[in-house]
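A.B. asks: The structure follows.
Computed from the coordinates by the stated procedures, all read-outs in this text should not be read as laboratory data. Worth saying up front: this structure is predicted, and the values here are computed from it rather than measured. Glycine also receives a Cβ, built like all others from the backbone with ideal geometry; neighbour counts cover every protein chain displayed.
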Amino acid sequence: MPDKFYAEIFAQNGNSYHQAMQTWPQARDQEFNTALASLNLAQGAHVLDVPAGGGYLQRYLSDSHHYHGFDFSGGFDAAHNIVENCSETKIDIADSSMDAALCLASLHHIENRSEFYQEVRRTLKPNGVFLIADVVAGSPQDGFLNTFVNQWNSLGHEGVFIDLERDQEALVNAGFSCDYSVQHYHWQFRSSAEALEYFRLLFTLDRQPSDALLTKAITQLGEKKTSAAYCVRWSLGFIKAVKR
Ligand SMILES: C[S@@+](CC[C@H](N)C(=O)[O-])C[C@H]1O[C@@H](n2cnc3c(N)ncnc32)[C@H](O)[C@@H]1O
């Protein structure tokens, strides 16, 4: 798909995504904390977040960490000043300056993966960690995004999700060694009504599925109710790639 088409999609969907992330900033706490646990950052670490959306990772870092957020689209919080624009093949960061890099929930839209891996590798220090966390091909999240969201978002959704053999081979060819695991956690809300609102905004469900249809789709992902929270099960594949 041409870059321009994707850029238009993200400009349109980005505002809605950003609104969900700003309104319920705690919903994906477990996801960001799972990613950070895997990165195991030392004091003073420099962290590249790409693509960063509206820079949501930053609030999970400690004061000693240095955040570097980059995105391919201006659609996330046009007023922001913490995320800079970049392309998949050119990130304005000096060679060998980052301790870690994160690509969260985004790989499935990246077209030039080999070039992107090489560009991220260039920015990392020797033994720097590049963590890719994304939906696994054939998982319930794949079904949710490429079937349900594809049907109810007027711009569609066609993600190319993690295929371990393919993605690991491309990372090894780019100069990384890789570990892989699938992590399960929950997105957390105060109520099921709040979850419905969040899903409608995050995924720009502008064709407006009924509450019943959306509830059914969420139920297929897995849900859990506690006295204080309504939790939706989410899982991503985590590829931990180390610069060789
Ligand atoms: C689901 S958001 C994830 C953002 C953030 N990492 C997070 O976890 O919330 C997907 C990201 O992919 C980016 N993206 C990927 N490919 C793109 C392209 N070709 N054009 C524009 N944006 C693209 C979007 O800008 C966006 O930041």
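A.B. asks: What dipole magnitude, in Debye to the nearest 20, does segment 17-121 give about its Cα centre under +1 on Lys/Arg Cβ and -1 on Asp/Glu Cβ?
C.D. replies: Approximately 200 debye in magnitude.
A.B. asks: Sticking with this one: How large is log10 I(q)/I(0) at q = 0.09, 0.16, 0.18 Å⁻¹ when the Debye formula is applied to the Cα atoms of the chain, each weighted equally and without solvent?
C.D. replies: Debye curve over Cα of the chain, log10 I(q)/I(0) at q = 0.09, 0.16, 0.18 Å⁻¹: -0.36, -1.24, -1.57.
A.B. asks: Select from A133, S106, S62 the residue farthest towards the positive end of the dipole of segment 54-166; place +1 on Cβ of Lys and Arg, -1 on Cβ of Asp and Glu, and compute about the Cα centre.
C.D. replies: S62
A.B. asks: Let me ask something else. With contacts defined as alpha carbon pairs under 8 Å and 6 or more residues apart, what's the relative contact order of the chain in percent?
C.D. replies: Once divided by the residue count of the chain, the mean separation gives 22 percent.
A.B. asks: Considering the options N150, Y198, L124, tell which one lies farthest towards the positive end of the dipole of the chain, charges being +1 on Lys and Arg and -1 on Asp and Glu at the Cβ, about the Cα centre.
C.D. replies: The listed residue farthest towards the positive side: Y198.
A.B. asks: Sticking to Cα atoms, compute the Rg of segment 177-220 to one decimal and its Dmax as the biggest Cα-Cα distance, whole number, in Å.
C.D. replies: 14.0, 45
A.B. asks: Also, I was wondering about something else. Once label points are set 7 Å from the Cα along Cα→Cβ at both E84 and E158, what is their separation, rounded to one decimal in nm?
C.D. replies: 3.3 nm
A.B. asks: Is any residue of segment 37-72 close enough, with backbone N under 20 Å, to a label point placed 7 angstrom from the Cα of Q22 along the Cα-Cβ axis, and if so, which?
C.D. replies: Under 20 Å, as judged by backbone N against the label point of Q22, lie 52-60, 69-72 of segment 37-72.
A.B. asks: Using the alpha-carbon atoms, what tilt in degrees (0 to 90, nearest 10) does helix 211-221 show relative to the longest principal axis of the chain?
C.D. replies: Long axis of 211-221 versus the principal axis of the chain: about 50 degrees.
A.B. asks: Residues in segment 109-149 near a label at S210, defined as backbone nitrogen under 19 Å from the 7 Å Cα→Cβ point?
C.D. replies: Under 19 Å, as judged by backbone N against the label point of S210, lie 148-149 of segment 109-149.
A.B. asks: Just the Kirkwood number for segment 124-240, please: inverse of mean 1/r across all distinct Cα pairs, in Å, one decimal.
C.D. replies: 15.8 Å
A.B. asks: Say R0 is 25 Å: what FRET efficiency, to the nearest 0.05, do S96 and S177 get from their beta-carbon distance?
C.D. replies: Working from the Cβ atoms, E equals 0.90.
A.B. asks: Please give the charge dipole size of segment 141-244, origin at the Cα centre, charges +1 on K and R Cβ atoms and -1 on D and E Cβ atoms. Round to the nearest 20 debye.
C.D. replies: That gives segment 141-244 a dipole magnitude of about 320 debye.
A.B. asks: Can you tally the lysine pairs in segment 105-244 where the Cα-Cα distance is under 22 Å and the two residues are eight or more apart, or on different chains?
C.D. replies: Number of lysine pairs found: 4.
A.B. asks: What's the FRET efficiency of T147 with R59 using the Cβ-Cβ distance as r and R₀ = 35 Å, to the nearest 0.05?
C.D. replies: My answer for the efficiency is 0.65.
A.B. asks: Rounded to the nearest 20 Debye, what is the dipole magnitude of segment 73-166 about its Cα centre when Lys and Arg each give +1 and Asp and Glu each give -1 at the C-beta?
C.D. replies: Rounded to the nearest 20 debye, it is 140 debye.
A.B. asks: Next up: What residues qualify as long-range amide H neighbours of S96, i.e. H under 5 Å apart, gap of 5 or more or another chain, H built at 1.01 Å from N?
C.D. replies: T123, L124
A.B. asks: So for segment 112-179, averaging the separation of alpha carbon pairs under 8 Å that are six or more residues apart and normalising by length, what relative contact order in percent results?
C.D. replies: After rounding, I find 36 percent.
A.B. asks: Hey, another quick one. Could you please report the charge total around A37, scoring K, R as +1 and D, E as -1 over all other residues with beta-carbon less than 13 angstrom from its beta-carbon?
C.D. replies: Here the count lands on -1.
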